[in-house]
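Enquirer: Can you read through this structure? Questions will come right after.
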Amino acid sequence: MSNYMSNVVSCQYKKKPDELDKVLRFVPSSIGEALLVTDLNAKILFMNSTAENLTGYLEAEVLGTTVMELFEIIDTTTGKVEFPTGDRTKKNTVIRFGKNTSLFTKHGKEVAVYGSVSHIMNDAKNLVGYVIAFFDMTEQRRRERVFKDSGMRDNLTGLYNRSYFTWETTRVKGKQSVPVGLIMCDIDGLKIVNDTLGHNAGDNLLSVVAMILKKSFHEEDIVARIGGDEFAILLFKSSNSAVSNACRRIRKNIAEYNEMNAGLPLSVSLGYAVGNNLSTDISKLIEQADRNMYKEKQQQSRSIKRSVVNTIMRMIGTKDFITQGHCERVKNLMEPVALSLGLSEESINELKLLAEFHDIGKVGIADRILLKPGTLTDEERNEMQRHCEIGQQIAMAAPDLAHIANGILKHHEWWNGTGYPQGIKGEIIPIECRILAVADAYDAMTNDRPYRKAMAPEAALAELKKGAGIQFDPVVVVEFTRMLGALKVYAAASVKDALLKVKRAYIANNPERRLLLRFGGSGELKQQIEDGALADVFISAAHSQMNQLQEKKMLLDETRIELLQNRIVLIASKNSDISCNFQTLTEDQVKKIAVGNPESVPAGKYAQELLMSLGIFEIVKAKLIIAKDVRQVLAFVETENIDVGIVYQTDAQISKAVKILDRAPLESCSPVVYPVAVMKDSNNIEASKEFIKFLTEYQAREIFKKYGFTICGGS
């Protein structure tokens, strides 16, 4: 109690000492401070009720006990225990507690306190005891820590921020902390996520990475977010192996997260550096770790971006049921039109990619708009139209899609210039977009939508014709209409030259018919049919692919027949000096052997079967060069890039640049048979049956024989 208070109270009650005693008796219990009165040896003489509540002790149980026996009063920064009585020789001294002082209560609870120790002087001005007054500062210090912490924390992730990280790096030389390790971490694909799914999704990705980094390191390690998608970790008293292990820990935790979560794939690029002595220049350490991180980022950039894009496509499929199967159907509708219009193979491949990814921008459109059953408002329509620009941004960010970004942007332009987003018209619109517009509209009309049932194909075609010259390119509409009515034949690449001649003969006999031919590896064509390709007739170079379609009930079984036979031969360039047969392929003169892919090309499968039958497959296995189909094998040998190749006899006969070295013994592999059948879902079943009948008749048989085929079931 201050002398001032004592003087005031004494003056007021100097004529009434009894009343003064009563007042003074209540003062200690009425003030907000905890009070302890002790003698010179710190033995407690008095404790007020506030002190009782704060310490957990009752006055009766502490009287005569020293403060040091009851309480542990420490400086939390040094851990030093002391009772701050000060210098006894100095009179009327007030000693303040340190700002980091804590007191441990009867029950072991740590309480942050702030207060003072005052000397009690008698009339002779001699020191006779102490008054200890203190406050509970726990809540105030908590608020101070939160306030201080907020200045060095990243608001989004809760990690340290760049300022704090920079401050820590300046202290490295002053710490007994070397070797010091530094890891730089960058989130892959964050820009694509922000541009397409929005910044909330990007922020969520940042928070997940922060959580994984926290999990991967110890509390004393400095983990900070130092940029938009960049993190840095400072490791004291570390080593090269420890930092390398830390990077492996991060990758392991990310792999576990991806395995448990089906959403966006999480990927980071990491780089690290280690400084081994106190003279380490931390800025150069950061540069080295940064370089290593960007080296890794460049190595995996393409695959990561494609992975993110593929995930976005899956997300579209789950949030917009219209997309389910839509891309494949549109692809199958467009390809025959593109072939009919004379587009190159490169343009057709680009068209297929555009069919697959043209609506990728829809991932950035809210479900309430995408799935709205009624008519969109003007505001909603404007928002929906943004998917073209969003899609372009995604494609530009993904190396595999950058070349179709322009098509994605323009796939909703109209022939008359009233489309969006640029309002261009006519042939300025890329041909790929014009074909896509027709196929996309037809598929939309002939499949259910939230706001209407599917139209009949005839009604959809009528709508396309109405839109010709307005929304659609009139030429594309005409070709599309012809394509739907045309007979579509999917045939093994090895019958291409013969079948093109057969087509001319068939059209000459049936001028009202339109015939579209699609050639490729039998396995590839079989897969396309399974995926919904609009095939009417399938000619395979082996029974296995046809059997698989039959097992899935995709054929009209009664139409299946064995049409042609072929033979496996060994070829070399006409200019080659190589002279060998199948048995001598093991010799050193043969360095490389081209064969079709056994997984998808029947000729490749027959070749593998032949080599195994001859007992030389394992010996020549290392020499095999795998081609996508027999025509590629032929090209390899014709250009003398490969020593020899294994193809069909018919392929060898049509090339003037190769010679046949050997023919496979008939008993060495399965018969090379070409079955043909009508597809069950064909829209032209009767015409398809008539075409197969034509293939078995004299005119077609003579053409096939001319190209080296043997006719099954007859001469």
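Enquirer: Sorting check: for 676-682, 252-258, which peptide has the highest mean count of neighbouring beta carbons within 10 Å, and how do the rest follow?
Expert: Highest to lowest by the protection proxy: 676-682, 252-258.
Enquirer: A further question on this structure: Excluding Tyr707 itself, calculate the net charge of residues whose Cβ lies under 12 Å from the Cβ of Tyr707, where each Lys or Arg counts +1 and each Asp or Glu counts -1.
Expert: +2
Enquirer: Also, I was wondering about something else. Quick check on the chain: helices-only [θ] at 222 nm, where DSSP H runs of length 4 and up contribute -39,500 (n - 2.57) each and the sum goes over total residues. Nearest 500, please.
Expert: Theoretical 222 nm ellipticity from helices: -14000 deg cm²/dmol.
Enquirer: Another question, then. What is the set of long-range amide H partners of Ile625 at a cut-off below 5 Å, with H atoms built 1.01 Å from backbone N?
Expert: Ile593, Ala594, Val595
Enquirer: Apply the Karplus curve 6.51 cos²θ - 1.76 cosθ + 1.60, θ = phi - 60°, to the phi angles in the range 531-546 and return the couplings in whole Hz, x for Gly and Pro.
Expert: 7, x, 4, 7, 8, 9, 10, 10, 10, 9, 8, 7, 5, 4, 5, 5
Enquirer: Which whole-number percentage describes the relative contact order of the chain, with Cα contacts under 8 Å and a sequence gap of 6 or more?
Expert: Relative contact order for the chain comes out at 8 percent.
Enquirer: Amide H to amide H, which residues 5 or more places from Gly158 or on other chains are under 5 Å from it, using H placed in the peptide plane?
Expert: Excluding prolines and chain starts, which carry no amide H, there are no hits.
Enquirer: Under the 0.36 nm per residue contour assumption, what length would be gained going from the current alpha-carbon distance of Lys552 and Leu63 to full extension?
Expert: Stretched out fully, the Lys552 to Leu63 stretch lengthens by 166.6 nm.
Enquirer: Would you please name the GluC sites (Glu not before Pro) within the range 435-538 that are DSSP coil residues with at most 11 other C-beta atoms within 10 Å of their C-beta?
Expert: When the GluC sites (Glu not before Pro) of the range 435-538 are filtered for loop state and at most 11 Cβ neighbours within 10 Å, Glu512 remain.
Enquirer: Also, quick follow-up: Kindly write out, for the range 514-527 in residue order, the coupling ³J(HN,Hα) from the Karplus curve 6.51 cos²θ - 1.76 cosθ + 1.60 (θ = phi - 60°), rounded to whole Hz, with x marking Gly and Pro.
Expert: Whole-Hz 3J(HN,Hα) from phi for the range 514-527: 10, 10, 10, 10, 10, 10, x, x, 4, x, 5, 5, 4, 5.
Enquirer: Let me ask something else. Shape call for the range 147-256 from the C-alpha gyration tensor, a ≥ b ≥ c root eigenvalues: rounded (a/c under 1.5), prolate (a/b greater than b/c) or oblate?
Expert: Oblate, because a/c is 1.5 or more while a/b does not exceed b/c.
Enquirer: Taking only C-alpha pairs under 8 Å that are 6+ residues apart, what is the relative contact order of the range 152-305 in percent?
Expert: Over the range 152-305, the number comes to 33 percent.
Enquirer: What is the set of long-range amide H partners of Arg567 at a cut-off below 5 Å, with H atoms built 1.01 Å from backbone N?
Expert: Sorted by chain and number, the residues that satisfy this are Gln649, Thr650.
Enquirer: What distance in nm lies between label points placed 7 Å from Cα along the C-beta direction at Asn253 and Glu346?
Expert: Roughly 4.7 nm, to one decimal.
Enquirer: How many angstrom separate the Cα center of the range 613-685 from the Cα center of the range 222-276?
Expert: 50
Enquirer: Given an 8 Å cut-off on Cα distances and at least 6 residues of separation, report the relative contact order of the range 553-641 as a percent.
Expert: 32
Enquirer: Hey, of (1) 53; (2) 70; (3) 67, which did the structure itself give for percent of Cα pairs over 35 Å apart when calculated?
Expert: Calculated percent of Cα pairs over 35 Å apart: the matching label is (3).
Enquirer: Computed FRET efficiency, Cβ-Cβ of Ala459 and Thr375, R0 25 Å: what is it to the nearest 0.05?
Expert: After rounding, the FRET efficiency stands at 0.75.
Enquirer: Using θ = phi - 60° and the Karplus relation 6.51 cos²θ - 1.76 cosθ + 1.60, list the HN-Hα couplings for the range 180-197 in order, rounded to whole Hz, with x at every Gly or Pro.
Expert: Listing the rounded values in order: 10, x, 9, 10, 9, 9, 10, 6, 7, x, 5, 4, 4, 4, 4, 6, 10, 8 Hz.
Enquirer: About its Cα centre, what dipole magnitude does the range 152-305 give when the only charges are +1 on Lys and Arg Cβ and -1 on Asp and Glu Cβ, stated in debye to the nearest 20?
Expert: 320
Enquirer: Please give the FRET efficiency for Ala242 paired with Met211, using the beta carbon to beta carbon distance and R0 = 25 Å, rounded to the nearest 0.05.
Expert: FRET efficiency, Ala242 to Met211: 0.70.
Enquirer: Out of all DSSP beta bridges with both ends in the chain, state the antiparallel percent to the nearest 5.
Expert: Here the share of antiparallel DSSP bridges comes out near 80 percent.
Enquirer: Let me check I've understood the local charge: for Gln589, count other residues with C-beta under 10 angstrom from its C-beta, Lys and Arg +1, Asp and Glu -1. What total comes out?
Expert: Local charge sum for Gln589: -3.
Bear in mind these aren't lab numbers, they're just calculated from the coordinates by the rules spelled out. On a predicted model such as this, the values are computed, not experimentally measured, just so you know. Glycine also receives a Cβ, built like all others from the backbone with ideal geometry; neighbour counts cover every protein chain displayed.
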